[in-house]
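The structure under discussion appears below in the form of structure tokens.
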Amino acid sequence: MVEIAIALGLVSSLFFVDAFGLAAGGIVVPGYFALQLSHMDQIAATFIIAILTSMIIKLIGRFTFLYGRRQMVLCLLVGCILALISHHFFVFDVAESTFRLEALGWVVPGLIAHWIDKQGIIKTVSMLIITSVIVRFSVIILYNGSLMP
């Protein structure tokens, strides 16, 4: 199921980039988001970390020359550090459940932040939500209505 979701995420990302010229936060991100759509706390944390990463990159960009590959690597590095912090310090055990304000993966927030810097937050987040829902719906159909865990 994971492989299908990632592959469908790649295809849908490529389609939307070609059709509309808008990226969904990196070509692998919609597949990962589709797998985690039932965990809205982690989705929200990933968006928060991506926005924080974008803000930090803009701040660093005021003092240094950040474009192209250098900006991409710095987005991934800052996103990875913030994701690491979220994985260790923002998991709360409540009486009957666990509330996780941790990012999805290590690279995903940096990829989203990079595309937020390139095309804006509204376009990036809306394309990511649209493609993730399409991928999730497609996987549910392919598996005869069984919901993803």
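The values are calculated or read from the model by the stated rules, or taken from the named source; none is laboratory data. Since this is a predicted model, take the numbers as computed values, not measurements. FYI the Cβ positions are ideal-geometry reconstructions off the backbone, even for glycines, and counts take in every protein chain you see.
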Original post:
Taking the range 59-84, which residues are loosely packed, with under 13 Cβ neighbours inside 10 Å and either touching a helix residue (DSSP H, G or I) at 6+ places or on another chain (Cβ under 9 Å) or under 28 Å from residue 100 (Cβ atoms) (or both)?
Top reply: 59, 64, 67
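Only one of these is at pLDDT 90 or above and among the small types (Gly, Ala, Ser): 68, 9. Name it.
Numbers: 68 fails: at pLDDT 90 or above.
Unique residue meeting the criteria: 9.
Listed here are the residues, each with its yes/no results for (1) part of a helix (DSSP H, G or I); (2) touching a helix residue (DSSP H, G or I) at 6+ places or on another chain (Cβ under 6 Å).
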site: 10; (1), (2): yes, no
site: 15; (1), (2): yes, no
site: 30; (1), (2): yes, yes
site: 34; (1), (2): yes, yes
site: 37; (1), (2): no, yes
site: 42; (1), (2): yes, no
site: 46; (1), (2): yes, yes
site: 54; (1), (2): yes, yes
Subject >> Hits in the range 66-79 (condition: in a helix (DSSP H, G or I) and farther than 15 Å from residue 26 by Cα) >> reply: 70, 74, 77, 78
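Provide a single number: the residues in the range 111-147 that are more than 28 Å from residue 57 (Cβ to Cβ), of a type in the set (A, V, I, L, M) and surrounded by 14 or more Cβ atoms within 10 Å (Cβ to Cβ). It would help to see each step written out before you state the result.
First pass over the range 111-147, keeping only residues more than 28 Å from residue 57 (Cβ to Cβ): 134, 136-147.
Pick out the ones that are also of a type in the set (A, V, I, L, M) and you get 134, 139-142, 147.
Imposing the further condition that a residue be surrounded by 14 or more Cβ atoms within 10 Å (Cβ to Cβ) reduces the set to 134, 139-140.
Total satisfying the criteria: 3.
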**OP:** Looking only at the range 87-108, decide whether some residue is assigned to a helix (DSSP H, G or I), over 23 Å from residue 1 (Cβ atoms) and not aromatic (Phe, Trp, Tyr).
**Re:** yes
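Please work out if residue 23 is in a loop (DSSP other than H, G, I, E, B), of a type outside the set (Ser, Thr, Tyr) and either surrounded by fewer than 16 Cβ atoms within 10 Å (Cβ to Cβ) or touching a Lys or Arg at 6+ places or on another chain (Cβ under 8 Å) (or both). Steps first, please.
Values: in a loop (DSSP other than H, G, I, E, B): yes; of a type outside the set (Ser, Thr, Tyr): yes; either surrounded by fewer than 16 Cβ atoms within 10 Å (Cβ to Cβ) or touching a Lys or Arg at 6+ places or on another chain (Cβ under 8 Å) (or both): yes.
Here the answer is yes, as residue 23 does meet what is asked.
Determine, yes or no, whether residue 137 is free of Cβ contacts under 8 Å to residues at least 12 places away in the same chain, of a type outside the set (S, T, N, Q) and under 21 Å from residue 10 (Cα atoms).
Details: free of Cβ contacts under 8 Å to residues at least 12 places away in the same chain: yes; of a type outside the set (S, T, N, Q): yes; under 21 Å from residue 10 (Cα atoms): yes.
So residue 137 passes the test.
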Original post:
Which residue pairs have Cβ atoms closer than 6 Å, lie 6 or more positions apart in sequence or on different chains, and pair a first residue in the range 94-123 that is within 17 Å of residue 69 (Cα to Cα) with a second residue that is assigned to a loop (DSSP other than H, G, I, E, B)?
Top reply: 109/103; 111/25; 111/26; 112/25; 115/23; 115/25
**OP:** Within the range 11-33, count every residue that is more than 14 Å from residue 129 (Cα to Cα) and not acidic (Asp, Glu).
**Re:** 7
**OP:** Kindly provide the set of residues from the range 6-55 that are in contact with a Ser or Thr (Cβ under 7 Å, 6 or more places away or on another chain), touching a residue at least 60 places away in the same chain (Cβ under 8 Å) and not small (Gly, Ala, Ser), ordered by number.
**Re:** 8, 16, 30, 33, 37, 49
Original post:
Among the numbered criteria (1) within 25 Å of residue 15 (Cα to Cα); (2) touching a helix residue (DSSP H, G or I) at 6+ places or on another chain (Cβ under 9 Å); (3) not basic (Lys, Arg), which single criterion is violated by residue 120?
Top reply: (2)
Original post:
Going by the structure shown, is residue 6 under 15 Å from the mean Cα position of the chain (by Cα) and more than 17 Å from residue 125 (Cα to Cα)?
Top reply: yes
